[in-house]
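The values are calculated or read from the model by the stated rules, or taken from the named source; none is laboratory data. Remember, it's a predicted structure, so these values are computed and weren't measured experimentally. No Cβ is skipped: glycine too gets one built from the backbone with ideal geometry, and neighbour counts run over all protein chains shown.
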Amino acid sequence: RARRAGVSDEVRCAAEGLDILGEGPMWHAGQGRLYWFDIKGRRLNWLGHGDGARGGWNLPWRASVAAPRTAGGLVLATEAGIAHLDTATGAAALVSPMDLGPGFRSNDGKIDLAGRLWWSSMDDDGGKRPGALFRTDPDGTTHQVLDGIHIANTVSVSPDGRTMYFADSALQLIWAFAITDDGRLADRRVFLDMSGQTGGPDGSAVDAEGHLWNVQWGAWRMVRYAPDGSVDRIVALPVEHPTSCAFGGPDLSTLYVTSAREGLSTAQLEGQPLAGSVFALEPGVKGLPLPAFAG
């Protein structure tokens, strides 16, 4: 668990911001942009990788998951169902309305190597009531894959596309599942148990070497785990509530980290003025290229 010398110095602020609940970072290779959400602010933001250009759009719903579409624009998972967004105009439209239940919204998610969009629902009141994990296939159909999950996070696949890492932050656990050919999850095992530790597992990204990078809400850090679950590296972060991470840049060598101001007092925010910003580092390993969504 030794922290590598100088690791904290490698983290920089890539996009200063005041996101209430920054989430869902996603790299769009075709546009050279990082996209991410402020769920509570009902906003989708973007950052140009090389030039630092920034923009974004207010959304009609709380949304939290995005992937590029092969037809152009983005597919979004929102509190109202699946939507498409035109990145030229910012126009968003529901294409598959869903009723997640009163007080529920979408939370974490990601596209897998087979082009299926995985995303979760959670009770906006801190996950008190259980939500679910869904899979939206390229044909546009959405299937519930798991239920009884209170704060679903991580939702990341291994380089061979056969293992799904999935967290319930309320239990401080990350599981590993086998992904069947038809997109079901089987053979659940515990990958990480943070019970009794400070903070809990939040969003993740898998790198090209098959290691899982997990940001840890409440713990000021991101940890790289080997496929056997052992700690490989600990990266200190300048914020208490990091939320998720994604590899980006032309060669996927930059690791971006989103963060939140939610749950922090005025005094706490004074001590971490960059809370709600996006951070970046070059960790010396590349990310997995993820496909666009065909639906």
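Which of the residues spanning the stretch 153-164 are within 16 Å of the chain's Cα centre (by Cα) and either more than 18 Å from residue 286 (Cβ to Cβ) or without any contact (Cβ under 8 Å) to a residue 40 or more places away in the chain (or both)?
153, 154, 155, 164
Any idea which residue in the stretch 73-86 is surrounded by the fewest Cβ atoms within 10 Å (Cβ to Cβ), counting only those that are within 18 Å of the chain's Cα centre (by Cα) and over 22 Å from residue 17 (Cβ atoms)?
It comes out as 81.
Which one is nearest to residue 246 (Cα to Cα), of the residues in the stretch 46-72 that are crowded, with 23+ Cβ neighbours inside 10 Å, under 15 Å from the mean Cα position of the chain (by Cα) and not small (Gly, Ala, Ser)?
Kept after step one, since they are crowded, with 23+ Cβ neighbours inside 10 Å, are these residues of the stretch 46-72: 47, 63-68.
The next check asks that each one be under 15 Å from the mean Cα position of the chain (by Cα); those that pass are 63-68.
Checking which are not small (Gly, Ala, Ser) leaves us with 65, 68.
On the way: 65: 12, 68: 14 Å.
By that ranking, first place goes to 65.
Which is part of a strand (DSSP E or B), over 18 Å from residue 155 (Cα atoms) and hydrophobic (A, V, I, L, M, F, W, C), of 46, 61, 27, 36?
46
Name the one entry in 235, 257, 239 that is in a loop (DSSP other than H, G, I, E, B), in contact with a Phe, Trp or Tyr (Cβ under 9 Å, 6 or more places away or on another chain), hydrophobic (A, V, I, L, M, F, W, C) and buried (at least 21 other Cβ atoms within 10 Å of the Cβ).
Exactly one residue qualifies, and that residue is 239.
What are the residues in the stretch 171-198 that are assigned to a loop (DSSP other than H, G, I, E, B), on the phi < 0 side of the Ramachandran plot and not polar (S, T, N, Q), if any?
The answer is 181, 182, 184, 194.
If residue 168 satisfies every condition in (1) surrounded by fewer than 20 Cβ atoms within 10 Å (Cβ to Cβ); (2) of a type in the set (D, E, K, R); (3) at negative phi but one, which is the exception?
Only one criterion in (1) surrounded by fewer than 20 Cβ atoms within 10 Å (Cβ to Cβ); (2) of a type in the set (D, E, K, R); (3) at negative phi is unmet by residue 168, namely (1).
Out of the residues in the stretch 171-190 that are touching a residue at least 40 places away in the same chain (Cβ under 8 Å) and touching an Asp or Glu at 6+ places or on another chain (Cβ under 9 Å), which is surrounded by the fewest Cβ atoms within 10 Å (Cβ to Cβ)? Even if it seems obvious, please write down each step before you answer.
We begin by selecting, within the stretch 171-190, every residue touching a residue at least 40 places away in the same chain (Cβ under 8 Å); these are 174, 179, 183, 185.
Imposing the further condition that a residue be touching an Asp or Glu at 6+ places or on another chain (Cβ under 9 Å) reduces the set to 174, 179, 183.
On the way: 174: 25, 179: 24, 183: 15.
Once the filter is applied, the top-ranked residue is 183.
So in the stretch 89-140, with the set limited to residues that are over 17 Å from the mean Cα position of the chain (by Cα) and among the polar types (S, T, N, Q), which one is farthest from residue 293 (Cα to Cα)?
The selected residue is 89.
Conditions (1) farther than 21 Å from residue 188 by Cα; (2) in a strand (DSSP E or B); (3) modelled with pLDDT of 95 or more, marked per residue:
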| site | (1), (2), (3) |
| --- | --- |
| 100 | yes, no, yes |
| 105 | yes, yes, yes |
| 110 | no, yes, yes |
| 113 | no, no, yes |
| 119 | no, yes, yes |
| 126 | yes, no, no |
| 129 | yes, no, yes |
| 132 | no, yes, yes |
| 145 | no, yes, yes |
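Could you list, in sequence order, all residues of the stretch 260-273 that are hydrophobic (A, V, I, L, M, F, W, C) and buried (at least 17 other Cβ atoms within 10 Å of the Cβ)?
260, 264
Scan the stretch 200-214 for residues that are closer than 15 Å to residue 152 by Cβ and under 11 Å from the mean Cα position of the chain (by Cα) and jot them down.
Scanning the stretch 200-214 gives 202, 203, 204, 214.
Has the stretch 128-141 got at least one residue that is in contact with a His (Cβ under 6 Å, 6 or more places away or on another chain) and within 24 Å of residue 164 (Cα to Cα)?
Quick first cut of the stretch 128-141, residues in contact with a His (Cβ under 6 Å, 6 or more places away or on another chain) only: 130, 135.
Okay, now just the ones that are also within 24 Å of residue 164 (Cα to Cα), so 130, 135.
Yes, because at least one residue in the stretch 128-141 is in contact with a His (Cβ under 6 Å, 6 or more places away or on another chain) and within 24 Å of residue 164 (Cα to Cα).
Going through 206, 155, 145 one at a time, which residue ends up being of a type in the set (A, V, I, L, M, F, W, C), in contact with a Gly (Cβ under 6 Å, 6 or more places away or on another chain) and within 27 Å of residue 74 (Cα to Cα)?
The match here is 155.
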